[in-house]
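Everything below concerns the one structure shown next.
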2 protein chains.
Amino acid sequence: MAVSLNERSSTELKVRKQRAPNSPPRGAPDRHAGQATRNSEIVYRDLRDAIVDVTLTPGTPLVEKEITERYGISRTPVREAILRLAEEQLVDVIPKSGTFVARIPVAVLHEAIVARKALEGACVREATAKASKSQIMELRAIIQREYELCAAGDEQAFHDADNAFHAGVAAASGYPGIWSMIEKIRLQVERYRRLTLPQKGRMALIVAEHAAVLDAIESGDADAAVAAMNNHLNKLRIDIGTFRDLWPDYFLFDKK
Amino acid sequence: MAVSLNERSSTELKVRKQRAPNSPPRGAPDRHAGQATRNSEIVYRDLRDAIVDVTLTPGTPLVEKEITERYGISRTPVREAILRLAEEQLVDVIPKSGTFVARIPVAVLHEAIVARKALEGACVREATAKASKSQIMELRAIIQREYELCAAGDEQAFHDADNAFHAGVAAASGYPGIWSMIEKIRLQVERYRRLTLPQKGRMALIVAEHAAVLDAIESGDADAAVAAMNNHLNKLRIDIGTFRDLWPDYFLFDKK
DNA sequence: CTTGCATAACTAGTATACAAGATATTTTAC
DNA sequence: GTAAAATATCTTGTATACTAGTTATGCAAG
């Protein structure tokens, strides 16, 4: 069982006939953008979506064999998908015992908001400096769409547009890597958000807040833009007390 | 090959006899803290360390079979380790072709510094509000150790102490999740840092900058603390020009 | 009825065999 | 000799069998 650790694993790796310098393998290097080609990717996406949907509720056992049969594939890709989810703290895998949809740690929720404010603040500040005219126009269009969806009362589509606005700001900042970090953080909070009932008048408020952010960006006032974004994100503040009673076993409370 | 996607994978998962509500599986939930029990974890750590060491240089092929033989284990755990590395953008795996240590994208380096400033800024601000007397004393002790290691000229130990200071600030802020994000970001920049030769007088400067941060924290001036930390992190600014010539094939330059 | 223990039925971890595509090499045509 | 095609040999992706530890079950003793 024990694995030899004495010799450094890297010391004398036989360097295979190497590609010419400066010529990275030409196979698509950013396969991340493309759609799923591997089965493990498909399973991962399905499970992840189901978890953030709260279709799969916290605590639910995830049995590899069942998923295997459902998809008609072997355990290997299923396992890879589950390992990715474990990496992102969406499932807990207990060796030789079972895999379970992770409970939502309330401490993480608070941290997630802080982290998001920090990262999106950096994005919006940079966007204020670098946003092109066309990018600003696109953001304005998104806000208009939000306004229309708000009037139509389409919650799901509105939420997508909401996300698109934030993505647009990140794009304008030229920080794609930071945006992907923000999206990972969002996964955690999204489960919580799905549990909260849609609040009356919330959409109209969001539209106004987005508009405030964009106005500040357009006027070139970075500090105001950051402040507007912070104000917007602060509205996500977690009110855990209500849900402690509703779904007590969905959350993991601090042990202090 | 195609996988059935028509039916939602989550709709009717047979819910196995479930554990009693409010009783999370009692197996160690924070296995993350413990040492590696699974072989895949050991391989992952070794490879990751070798990559950030730049012992395994960017572009080096990583062949599953070789690692398999080196450790005397099968491909499965090796593969899992490699998949984790791919997740963290430390390797590029090209299906049916090969796996390679990822080149360092200079754009990511810049973003990493921005993200780190944002996140550590949030940490230091919170730490200013919440740090206990003992935590401040610990940070002061770390700075003293840095001073001594600086005098002794021990680069490696100094770097560890440097990291310990930042970890200490994060601990004082009570944001362990944000600290783990910062550490992931650090992985990317660390490879670059390892390539830069130790700069004369750098250590003494770092000690002074850390002291400035701690002074501001102690005096309760959050804005000054954030400013001091930003000033400190700005010193990491990437000077890619030098290395474009030295190791042209270690980096990935923007394609604009 | 309760408690302790043996045992059966789970689980994830690992090893290995095979499949499929990509690259390197050789062969063949010209 | 050159170039293109066939082929051999790589690689990772997948399937499956087996191992080992955990949890549940049922039986027996008190």
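The values are calculated or read from the model by the stated rules, or taken from the named source; none is laboratory data. What you see is a predicted model, and the numbers here were worked out from it, not measured in a lab. All Cβ positions, even for glycine, are placed from backbone atoms using ideal geometry, and neighbour counts span all protein chains on display. All accessible areas refer to the heavy atoms of the entire protein, side chains included, with ligands and DNA or RNA removed. Shrake-Rupley method; radii C 1.70, N 1.55, O 1.52, S 1.80 Å.
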_Would you calculate the convex hull of the Cα atoms in the stretch A:39-102 and tell me its volume per residue in Å³?_
73
_Between B:GLU66 and B:SER180, what is 0.36 nm times their sequence separation minus the Cα-Cα distance? Round to one decimal in nm._
37.9 nm
*According to a simple spin-label model (label point 7 Å from Cα along Cα-to-Cβ), what is the distance in nm between B:ARG194 and B:THR76?*
3.0
*Quantify, in whole percent, the carbon and sulfur part of the accessible surface of the stretch A:39-102 (1.4 Å probe; protein heavy atoms only).*
47
*Accessible surface buried upon B-A contact (total; probe 1.4 Å; Å², nearest 100)*: 6000
*asked:* Principal axis extents for the stretch B:105-242, Cα atoms only, whole Å, descending order, please.
replied: 43, 33, 22
*asked:* Skipping prolines and chain starts, which residues have an amide H placed within reach, meaning under 5 Å, of the one on B:LEU62, given they are 5 or more residues away or on another chain?
replied: B:THR99, B:PHE100, B:VAL101
*Quick one: if the Förster radius is 56 Å, what FRET efficiency do A:SER97 and A:ASN234 give, using the C-beta to C-beta distance and rounding to 0.05?*
0.90
*Name all residues of the stretch A:194-219 having a backbone nitrogen under 15 Å from the label point set 7 Å from the Cα of A:ILE136 along its Cα→Cβ direction, giving them as ranges.*
A:211-219
*Accessible surface, the stretch B:39-103, averaged per residue in Å² (probe 1.4 Å)*: 37
*Of the accessible area of the stretch B:105-242, with the probe set at 1.4 angstrom, what percent is carbon plus sulfur?*
57
